[in-house]
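The values are calculated or read from the model by the stated rules, or taken from the named source; none is laboratory data. If you're wondering where the values come from, they're calculated on a predicted model, not measured in any experiment. Don't worry about glycine lacking a Cβ; one is built from the backbone with ideal geometry, like all the others, and counts go over all protein chains shown.
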Amino acid sequence: MRSSARHKRLKLKSEINVVPYIDVMLVLLIIFMVTAPMINKNVDVNLPQANAKSMQDKKEPVIVVVDQDGKLYLTLGTDKRQPVDVATMQAKVGAFVKVNPEVSVLVAGDRDGKYDGVYQVLAQLQQAGVAKVGLMSAPESGNKK
């Protein structure tokens with residue numbers, strides 16, 4: 001008799017229990033928040049505005065030049081421009097920036113060169129530990145191609 005009385009008092013609820021769904025959602029949110037910074041594969045570049053003024057730095061910048069053929073040239077501070085390979089450029093610029101973290105690092109690409117060369121240099125500078133890279137350009141002249 002007792003068990004039949006218990007069944008009569010319990011009524012079925014037609015509500016959805018959302019607590020397990022909220023738990024799963026919060027776990028997924030935490031997983032995405034932790035893994036999102038690790039997926040960053042892009043190269044951060046601070047591009048100048050259209051009406052940008054020339055930079056006035058107290059220190060001489062580090063300049064990496066990519067010519068039309070994809071060859072690299074490096075100018076560290078007041079030194080002369082030297083031809084370098086990729087590994088040497090990464091090592092020298094990385095060491096120079098670690099010693100002088102406030103120095104500007106600029107990339108100059110040849111107008112007729114391939115964009116891929118400049119992009120590869122930006123990626124290699126990021127791997128060398130350079131946080132901010134600027135792109136050099138010449139002032140626009142009156143005659144256009």
message = Would you confirm, using the coordinates I've provided, whether I30 is exposed (fewer than 13 other Cβ atoms within 10 Å of the Cβ) and either modelled with pLDDT of 85 or more or touching a helix residue (DSSP H, G or I) at 6+ places or on another chain (Cβ under 6 Å) (or both)?
response = yes
key: Matching entry among V24, V86 (being loosely packed, with under 15 Cβ neighbours inside 10 Å and at pLDDT 90 or above)   = V24
remark   = Restricted to the range 90-100 and to residues being surrounded by 11 or more Cβ atoms within 10 Å (Cβ to Cβ) and out of contact with any helix residue (DSSP H, G or I) (no Cβ under 7 Å at 6 or more places or on another chain), the residue farthest from P61 (Cα to Cα) is A91
query = Does V105 count as surrounded by 13 or more Cβ atoms within 10 Å (Cβ to Cβ), of a type in the set (V, I, T) and farther than 15 Å from L122 by Cα?
reply = no
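Each row is one residue, and each column tells you yes or no for (1) in a helix (DSSP H, G or I); (2) modelled with pLDDT of 85 or more; (3) touching a His at 6+ places or on another chain (Cβ under 7 Å); (4) under 22 Å from V130 (Cα atoms).
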site: H7; (1), (2), (3), (4): yes, no, no, no
site: S54; (1), (2), (3), (4): no, no, no, yes
site: P101; (1), (2), (3), (4): no, no, no, yes
site: G113; (1), (2), (3), (4): no, no, no, no
note = Checked the range 61-99 for anything on the phi > 0 side of the Ramachandran plot and part of a strand (DSSP E or B); matches are none
Residue list for the range 55-95, filter: in contact with a strand residue (DSSP E or B) (Cβ under 6 Å, 6 or more places away or on another chain) and more than 17 Å from M136 (Cα to Cα) = Q82, P83, V84, M89
